[in-house]
1. Let me check the size of the range 192-301 from its C-alpha atoms; what are the radius of gyration and Dmax in Å?
2. Could you give the spread of the C-alpha atoms of the range 111-250 along their three principal axes, from largest to smallest, in whole angstroms?
3. Output ³J(HN,Hα) for the range 181-196: one whole-Hz value per residue in order, computed from phi by the Karplus curve 6.51 cos²θ - 1.76 cosθ + 1.60 with θ = phi - 60°, and x for Gly and Pro.
4. Got a sec to turn the phi values of the range 47-59 into Karplus ³J(HN,Hα) couplings, 6.51 cos²θ - 1.76 cosθ + 1.60 with θ = phi - 60°, whole Hz, x for Gly and Pro?
5. Just how much of F274 is accessible, in Å², when a 1.4 Å probe is used and the result is rounded to the nearest 10?
6. What lysines does K240 reach when the alpha-carbon gap must be under 25 Å and sequence neighbours fewer than 8 apart in one chain are set aside?
7. Within the set of other residues whose C-beta is less than 9 Å from the C-beta of P175, count the net charge using Lys and Arg as +1 and Asp and Glu as -1.
8. If each residue of separation counts as 0.36 nm, what is the full-extension length gain between D9 and M25 once their alpha-carbon separation is subtracted?
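The values are calculated or read from the model by the stated rules, or taken from the named source; none is laboratory data. Since the model is a prediction, treat every value here as computed from it, not as a measurement. For neighbour counting, all protein chains shown are included, and Cβ atoms are generated from backbone atoms with ideal geometry for every residue, glycine included. Note: areas computed on protein heavy atoms with side chains; ligands, DNA, RNA excluded. Shrake-Rupley method; radii C 1.70, N 1.55, O 1.52, S 1.80 Å.
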Amino acid sequence: AAGSMASEDGASRRKRLCRALHSHMRTELEWALGVLSVNAYAASNFVEPHVELDEAVVGALARFLQRLVTDPGHIATGALLAIEADCEDNISANASVALSILHNYTHVPHLANIAAHCPGLSVALASCLRSGAKPVARQGLLVLENLARLMPMSPEHAPNLLRALEHVARAQPLPRETKASLLKVVALLSNSNGDLIASLFSGLLELHLLDLLASPAPEHQESALHFVVEACQASAALQKRLGEDRGVVEALVRLLCQHEHDLRQAMTAKALRFLLNPHSRALQPRLRRFEHDVVALSISLAASANPDMLADLARVLAFMGGAAGLGAQAPRSEASSWRQPEAGPSRVLARVGRGWWG
């Protein structure tokens, strides 16, 4: 199998690769993973690969991964690439090579679409997430970042993959880079699985979200903000769950007030606009203590911020102002109390805002 492929067509090459991945011979496996690694790297750099990914190759890689992480005893140690001296570490290293191939190939949209629709891949990736080997789980998350939005999540496969993600979320310690990747995948899957996601992870999403928001690294904060926006847009159930969490809401308001007029400030205002909803009403009295700070911020940005950000800030202040005088006024509809500021600084800002938007 290690001979030249120059005279073969693409279909023949891919058949040979599938046979090699199913083989129990190290020379065959070394050849197959070597060929696929080189071509996947080329594809990730937008160079046309000599060997493209197709459903058969994805399936062969998925079966190879499944065997490695669930039943390694059926693969002779001598049939694996000798990457690590320790047997267990070597199994993880071989799995990481296969996942790296999938990750690189799936940077290309049409190849990602092929991989996402391979029936056995979500099962294999779920097994990788549960494997207990942190490098394998991390690589599995990176593959899912490329595929999650495209994967048709059937009722029998969705719970399996989501519970595997929950398994990763429970791991301790979990590096912030892994937390950011986990939240990204969960947000991408929430379009079609929002209700199920909202019933899982028992506080783990909020815990990891708060840790990323508290990080001094801008990229971690941005990952958290993107998660809030995408999850709230995709799922009413997740919007309700996150919007009722006092820690998350207050962390976002503090983040909004502490930035020095950078991109994260606009992202934070947008995240709060999506997060605050009628289910957050119980938080209104606590949020009023931030109202003056947000008004001062809004006025300072009046001449320089874009209209979308100013509109987001006005929406946040309208919610904060809605806490004023709730007990003193006649009951109103939930929708009207959500949209109209009652009094205080929010009302002042509303008058200023008419000048902002003309």
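1. Spelled out, the Cα radius of gyration and Dmax of the range 192-301 are 13.6, 42 Å.
2. Taking max minus min along each principal axis of the Cα atoms, the range 111-250 gives 42, 31, 26 Å.
3. With the stated coefficients, the range 181-196 comes to 5, 4, 5, 5, 5, 4, 5, 5, 7, 6, 4, 10, 9, x, 5, 5 Hz.
4. 9, 4, x, 5, 10, 8, 6, 9, 4, 5, 5, 4, x
5. We get 40 Å² for F274.
6. Candidates past the 8-residue exclusion: K179, K184, K270.
7. Within the 9 Å Cβ shell, the charges total +3.
8. Once the chain is fully extended between D9 and M25, it gains 3.4 nm.
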